[in-house]
1. Which count do you get for residues in the stretch 1-10 that are of a type in the set (A, V, I, L, M, F, W, C), assigned to a loop (DSSP other than H, G, I, E, B) and touching a Gly at 6+ places or on another chain (Cβ under 9 Å)?
2. Given the criterion modelled with pLDDT of 95 or more, buried (at least 17 other Cβ atoms within 10 Å of the Cβ) and of a type outside the set (A, V, I, L, M, F, W, C), identify the matching residue among 188, 177.
3. Is there a residue being within 27 Å of residue 77 (Cβ to Cβ), in contact (Cβ under 8 Å) with a residue 24 or more places away in the chain, of a type in the set (Gly, Ala, Ser) and surrounded by 14 or more Cβ atoms within 10 Å (Cβ to Cβ) anywhere in the stretch 127-146?
Amino acid sequence: MRVHFLQHVPFEGLGSIERWIDERSLAVSSTQLYRGDSLPELDEFDSLIVMGGPMGVCDLSTYPWLSAEKQFIGEAIRHDKVVLGVCLGAQLIASALGARVYANPEREIGWFPVECTEADAACSFGEIFPTGIEAFHWHGDTFDLPDGAVHLARSTACEHQAFSFGQRVLALQFHLETTPTAAMALIEHCADELRDGRYVQQPLAMLSRADRFEQANEVMFRILDDLHGRR
């Protein structure tokens, strides 16, 4: 299994997904889009992971590479690759599949519960956390569900938290890969986003419990195993 990941800023990498890759001795490669790296050929990887970033899907004038990236993600999906998107990555998948991405009524930053939908209860994703999970969030945008997608999860602040498209594409608006180090990097680089809001936690609250990161990372590993085990 050859895993390729797309990284949008230096401070949002794979997080705990790097450990999942190492423990399974998988081949890994990357494109750092912020450095101007070229995208790979489709036959160079089996699985594509699209990470987060502070930019928006429609910020093409500031980040012109977003256009090519969305086209590339769409091609990967059409060529039956395993594709996982996290936060901005989930929004890019939605956009690549023709859905609208736009500002969510609420910014959601910090630890908040995510619950499975009724549709999810009947699929393997629901079996991974049937009663929901406390997940780490850092987003101000959301997306409509693409045609043919299955709505998998919601939160109080954001209805569309996750969807699947077929058996090999999964979009997660929330972060299960985040480690304490990764959270501190977000706090450092995106502190201007921590304005008061109903669903905005402050740094002390976000970092107060290491066990939440460990539990979320365990769920991320189970999701990755499930998604890649379908091949």
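1. 1
2. 177
3. Yes; the residues of the stretch 127-146 include at least one that is within 27 Å of residue 77 (Cβ to Cβ), in contact (Cβ under 8 Å) with a residue 24 or more places away in the chain, of a type in the set (Gly, Ala, Ser) and surrounded by 14 or more Cβ atoms within 10 Å (Cβ to Cβ).
The values are calculated or read from the model by the stated rules, or taken from the named source; none is laboratory data. The model shown is predicted, which means the values in this text are computed figures rather than measured ones. Virtual Cβ from ideal backbone geometry, glycine too; neighbours counted across all protein chains shown.
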